[in-house]
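Note sheet for the following structure.
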Amino acid sequence: MSRGRYTHHVKFYSPTLTTDGAGQKDTTYTLQFACRCDALILSSRKAEEYDQVQTGSDVVQFRMPYNDHVAVDWRANWNGSDWDVRTVRDRDGRRRVLEVTAERFGQ
């Protein structure tokens, strides 16, 4: 398997549920780590293969060295935009490359 160059800097944030003084619950995101990734913009046809991604929206797939920390409720920041993580999978089942599919926040 050829490894990409990992030229894109991506920050990953985990959600935290907080309550303000009035008792309102809000989700805030806390930086967990930053890493270098390959970033692939997915066509709408490719995006249809991912059951939790809405077709026609901005979708990106990050490929990075494997780690078991990223989850589907996390958020990524890449290229000045926030992205909601929709799918996380071990690319070949050998814990070498992690594929994270994300949809632009607010779509």
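Which one of Asp73, Asp38, Asp84, Asp92 is of a type in the set (Asp, Glu), modelled with pLDDT of 90 or more and in a loop (DSSP other than H, G, I, E, B)?
Asp73
Of everything in segment 73-84, what is surrounded by 13 or more Cβ atoms within 10 Å (Cβ to Cβ) and of a type in the set (Asp, Glu)? Give them in sequence order.
Listed by number, the residues that qualify are Asp82, Asp84.
Quick check on this structure: which one of Thr101, Thr87 is hydroxyl-bearing (Ser, Thr, Tyr), closer than 15 Å to Asp38 by Cβ and surrounded by 14 or more Cβ atoms within 10 Å (Cβ to Cβ)?
Thr101
Would you call Val60 assigned to a strand (DSSP E or B), on the phi < 0 side of the Ramachandran plot, among the aliphatic types (A, V, I, L, M) and at pLDDT below 95?
Yes; evaluated as a whole, the condition is true for this residue.
Would you please name the residue that is nearest to the chain's Cα centre (by Cα), looking only at residues in segment 1-35 that are at pLDDT 90 or above and of a type in the set (Lys, Arg)?
Among those that are at pLDDT 90 or above and of a type in the set (Lys, Arg), it is Lys11.
The values are calculated or read from the model by the stated rules, or taken from the named source; none is laboratory data. Treat the numbers as computed from the prediction; the structure is a model and nothing was measured. Because the Cβ atoms are built from the backbone with ideal geometry, glycine has one as well, and the counts that use them run over all protein chains shown.
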